[in-house]
Amino acid sequence: GGVHLQWRKIAKYCICIAFDGDDRKFGHEEIKSKDFRKLYRFHSLVTDSDIPLTEFYLTSSPYCSSTLEPNNEALSVWAFADKFSVDKKISVRSLSLTTALKQTGHAYIDWFKSDSQGIDLRLFKSVNEQLRHSILAVEFEPGIIDAYKQEDKLWEILRYMEEQKYWLSEGTTKGSQRIARNELNMVSDSAFMRKLYAFSHRSSPGWIEMVYLHDFSGERTLRDHLLGWVFAVVQRQYGFALHLSLSGKEQFNDPLFDEMIYFAKRKIRTNLFSFALLAVVKEKFLKTFNFA
């Protein structure tokens, strides 16, 4: 797809390392990009170990293809089960994140984003400990339901990250409708109407898009404070941005932090007139008068 939504304002300053399991090309290439300062694309899958070939399950929906086998029995009660139907299993070239970094000549990661259909946590943990602890923003998209066999689930990520120096900045729950395809067929003979009935049926949580930010406990560099502030602003976490700018001002006494403090305070004040506040007021009102 296109540039990740949260990266659009900063992409032109960034180096992006991406992975595309295109079996027609070898190695990696540096691509001229209008979006990124520099873009590397690896023509292979990324895995948690350096094995030359990895089994890959191609599903009816390309967005559900994975190195893990879909759990068809568990999925059978969900409306979107057909998306996970395996068309065929192939062997695809693969490499680890550590090897990819070495091949591009980079020794750090600032923002880690993984939507690997079931192996997000093991990919994150595959990075060496020192590098892993320096990452400022981490994105996962773990499952809540059993979509793949032996997948990294939400509870495992929550348990692991609880012991790390990160805090959960964002969690957006996504899902599907819990109605089996054969039972949905009983509702209507029309494929078009069945699709409408499925979409109109109440959706239940199936996976979650989550972003962690480093909590900046312990010693951090000037660069960390500046970039951490940018990531906090990108996440619209202006309170944390204010905290980082105050901490940076105290540690490094750089006048730039005065501008950062001013910006964060101004954004916090202008939030008073945002639609977000109206939504909170509405929710409080409905609960107070038992309308919800």
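In contact (Cβ under 8 Å) with a residue 12 or more places away in the chain, assigned to a helix (DSSP H, G or I) and among the charged types (D, E, K, R): does that describe Lys265? Here the answer is yes, as Lys265 does meet what is asked. Of the helices (runs of 4 or more DSSP H) entirely within segment 152-208, those holding at least 1 residues that are of a type in the set (Val, Ile, Thr) and open to solvent by less than 30 Å² (accessible area, probe 1.4 Å) occupy 154-162.
Scanning segment 114-131 for residues that are open to solvent by 20 Å² or more (accessible area, probe 1.4 Å), more than 23 Å from Val86 (Cα to Cα) and in contact with a helix residue (DSSP H, G or I) (Cβ under 7 Å, 6 or more places away or on another chain) yields Ser126, Asn128. When segment 36-61 is limited to residues that are closer than 17 Å to Ser176 by Cβ and surrounded by fewer than 18 Cβ atoms within 10 Å (Cβ to Cβ), the one that is nearest to the chain's Cα centre (by Cα) turns out to be Ser61.
Quick one: Lys149 ticks every box in (1) buried (at least 17 other Cβ atoms within 10 Å of the Cβ); (2) in contact with a Leu (Cβ under 8 Å, 6 or more places away or on another chain); (3) within 21 Å of Gln117 (Cβ to Cβ) bar one, so which box is it? Of (1) buried (at least 17 other Cβ atoms within 10 Å of the Cβ); (2) in contact with a Leu (Cβ under 8 Å, 6 or more places away or on another chain); (3) within 21 Å of Gln117 (Cβ to Cβ), only one is false for Lys149: (1).
Flag: Phe140 does not match the condition of being under 25 Å from Val234 (Cα atoms) and free of Cβ contacts under 8 Å to residues at least 24 places away in the same chain. Against the conditions (1) open to solvent by less than 60 Å² (accessible area, probe 1.4 Å); (2) modelled with pLDDT of 95 or more; (3) closer than 28 Å to Ser114 by Cβ, Gly218 satisfies every one except (2). What pairs come out if I take residues in segment 191-208 that are more than 13 Å from Ile179 (Cβ to Cβ) and pair them with residues that are acidic (Asp, Glu) and open to solvent by less than 70 Å² (accessible area, probe 1.4 Å) whose C-beta lies under 8 Å away, six or more apart or interchain? Going by the 8 Å Cβ cut-off, the qualifying pairs are Trp207/Glu141; Ile208/Glu141. Mind checking whether some residue in segment 77-95 is in contact with a strand residue (DSSP E or B) (Cβ under 6 Å, 6 or more places away or on another chain), assigned to a helix (DSSP H, G or I) and more than 24 Å from Gly228 (Cα to Cα)? The answer is yes; a qualifying residue exists. Taking segment 221-238 as the range and being surrounded by fewer than 14 Cβ atoms within 10 Å (Cβ to Cβ) and part of a helix (DSSP H, G or I) as the test, the residues that pass are Leu222, Arg223.
The values are calculated or read from the model by the stated rules, or taken from the named source; none is laboratory data. Quick caveat, the model's predicted, so the values are computed rather than measured. As a convention, Cβ positions derive from the backbone with ideal geometry for all residues, glycine included, and neighbour counts pool all protein chains shown. Accessible surface is based on the protein model in full, side chains and every heavy atom, while ligands, DNA and RNA are left aside. Shrake-Rupley method; radii C 1.70, N 1.55, O 1.52, S 1.80 Å.
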